[in-house]
């Protein structure tokens, strides 16, 4: 079996020789963009795999969902008590597609409704020079919305330091639309913390709480409503929901589970070849 990860071009270039030698092709692709190269790679592959069904934008006739591969031994809950006042965490790169404006507007809406006992931590930075202008615009919005004492910006941190940020927050927020699969949502839940998301691809993992944890992309009023709900939960309720989410991440998205599902898929395809040779 030949495994191609996020490179449809490799699948296309290698397919003639691989098919001549009867080597099965598995291509991993998780991105909202459908290109002609993806369509051709899909046609040439025996199976397509993705972390979430919603992360694969083309036909699902060959799709196998294998999970995101979260290191659940790194992203673990511990005895850390969430900060007071409750903190809302965004972790990730700062670029327009991440839609931080919706989070800032939601925070301002909470203030307008006299919900003021919370703090927003934004951890991350621009990935490319073009995003520096966007980051500056976020600082300007914070000033204009009167959130200077409510929102704090922090520089990017190594992955090994992320668990401590998740553990001390009350809730994470991810604003990327459906069609991607930001790992931070699953990392936060793996640390037994609630995470609000605009990506409906997380519906299965959120399970019984999906309706409460998913908000409409680009809708600050809906996000503010969901944040208000989280901020009114008791410590016992937060702990109960967090444990449920942690269990689901372990079931659907652990690193061990991802490896096992890929190996099973490879063995299935290899077995098919061997049967045809008999």
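Can you go through 80, 76, 102 and tell me which one is at pLDDT below 95 and either touching a helix residue (DSSP H, G or I) at 6+ places or on another chain (Cβ under 6 Å) or over 30 Å from residue 131 (Cβ atoms) (or both)?
After ruling out the rest, the residue left standing is 80.
Could we say that residue 199 is touching a helix residue (DSSP H, G or I) at 6+ places or on another chain (Cβ under 6 Å) and touching a residue at least 12 places away in the same chain (Cβ under 8 Å) here?
For residue 199, the condition - touching a helix residue (DSSP H, G or I) at 6+ places or on another chain (Cβ under 6 Å) and touching a residue at least 12 places away in the same chain (Cβ under 8 Å) - is not met.
For the stretch 139-168, how many residues are within 22 Å of the chain's Cα centre (by Cα) and assigned to a helix (DSSP H, G or I)?
Final tally of qualifying residues: 10.
Residues of the stretch 111-126 being in a loop (DSSP other than H, G, I, E, B) and either without any contact (Cβ under 8 Å) to a residue 60 or more places away in the chain or out of contact with any strand residue (DSSP E or B) (no Cβ under 9 Å at 6 or more places or on another chain) (or both), which ones? Break it down into steps so the answer makes sense when it comes.
Keep residues of the stretch 111-126 that are in a loop (DSSP other than H, G, I, E, B), which gives 113-118, 124-126.
Once the filter is applied, which keeps residues that are in a loop (DSSP other than H, G, I, E, B) and either without any contact (Cβ under 8 Å) to a residue 60 or more places away in the chain or out of contact with any strand residue (DSSP E or B) (no Cβ under 9 Å at 6 or more places or on another chain) (or both), the stretch 111-126 yields 113, 114, 115, 116, 117, 124, 125, 126.
In this structure, is residue 77 more than 27 Å from residue 237 (Cα to Cα) and either buried (at least 18 other Cβ atoms within 10 Å of the Cβ) or within 21 Å of the chain's Cα centre (by Cα) (or both)?
Spelling it out, it is not the case that residue 77 is more than 27 Å from residue 237 (Cα to Cα) and either buried (at least 18 other Cβ atoms within 10 Å of the Cβ) or within 21 Å of the chain's Cα centre (by Cα) (or both).
If we keep just the residues of the stretch 234-254 that are within 16 Å of the chain's Cα centre (by Cα) and closer than 24 Å to residue 85 by Cα, which is surrounded by the fewest Cβ atoms within 10 Å (Cβ to Cβ)?
246
Within the stretch 14-48, work out how many residues are out of contact with any helix residue (DSSP H, G or I) (no Cβ under 7 Å at 6 or more places or on another chain), surrounded by 15 or more Cβ atoms within 10 Å (Cβ to Cβ) and in a helix (DSSP H, G or I).
3
In the list 158, 177, 163, 86, which residue meets the criterion of being modelled with pLDDT under 95 and closer than 30 Å to residue 247 by Cβ?
Unique residue meeting the criteria: 177.
Could you list all residues from the stretch 83-99 that are under 28 Å from residue 34 (Cα atoms), touching a helix residue (DSSP H, G or I) at 6+ places or on another chain (Cβ under 7 Å) and part of a loop (DSSP other than H, G, I, E, B)?
The answer is 92, 94, 95.
Given the criterion modelled with pLDDT of 95 or more, out of contact with any helix residue (DSSP H, G or I) (no Cβ under 9 Å at 6 or more places or on another chain) and not assigned by TED's automatic domain parsing to the domain that holds residue 27, identify the matching residue among 224, 235.
Criteria check complete, one pass: 235.
Can you say whether residue 127 is over 19 Å from residue 222 (Cβ atoms), in the same structural domain as residue 243 (by TED's automatic domain parsing) and more than 16 Å from the chain's Cα centre (by Cα), as far as the supplied structure shows?
It is true that residue 127 is over 19 Å from residue 222 (Cβ atoms), in the same structural domain as residue 243 (by TED's automatic domain parsing) and more than 16 Å from the chain's Cα centre (by Cα).
Please name all residue pairs, on different chains or six or more residues apart, with Cβ atoms under 6 Å, provided the first residue is in the stretch 216-233 and is surrounded by fewer than 16 Cβ atoms within 10 Å (Cβ to Cβ) and the second residue is part of a helix (DSSP H, G or I).
216/222; 218/102
In the stretch 43-58, how many are free of Cβ contacts under 8 Å to residues at least 24 places away in the same chain and either closer than 18 Å to residue 266 by Cβ or within 25 Å of the chain's Cα centre (by Cα) (or both)?
Of the residues in that region, 1 qualify.
The values are calculated or read from the model by the stated rules, or taken from the named source; none is laboratory data. As the structure is a prediction and not an experimental result, all values here were calculated from the model. Cβ sites come from the backbone with ideal geometry, for glycine too, and all protein chains shown count toward neighbours.
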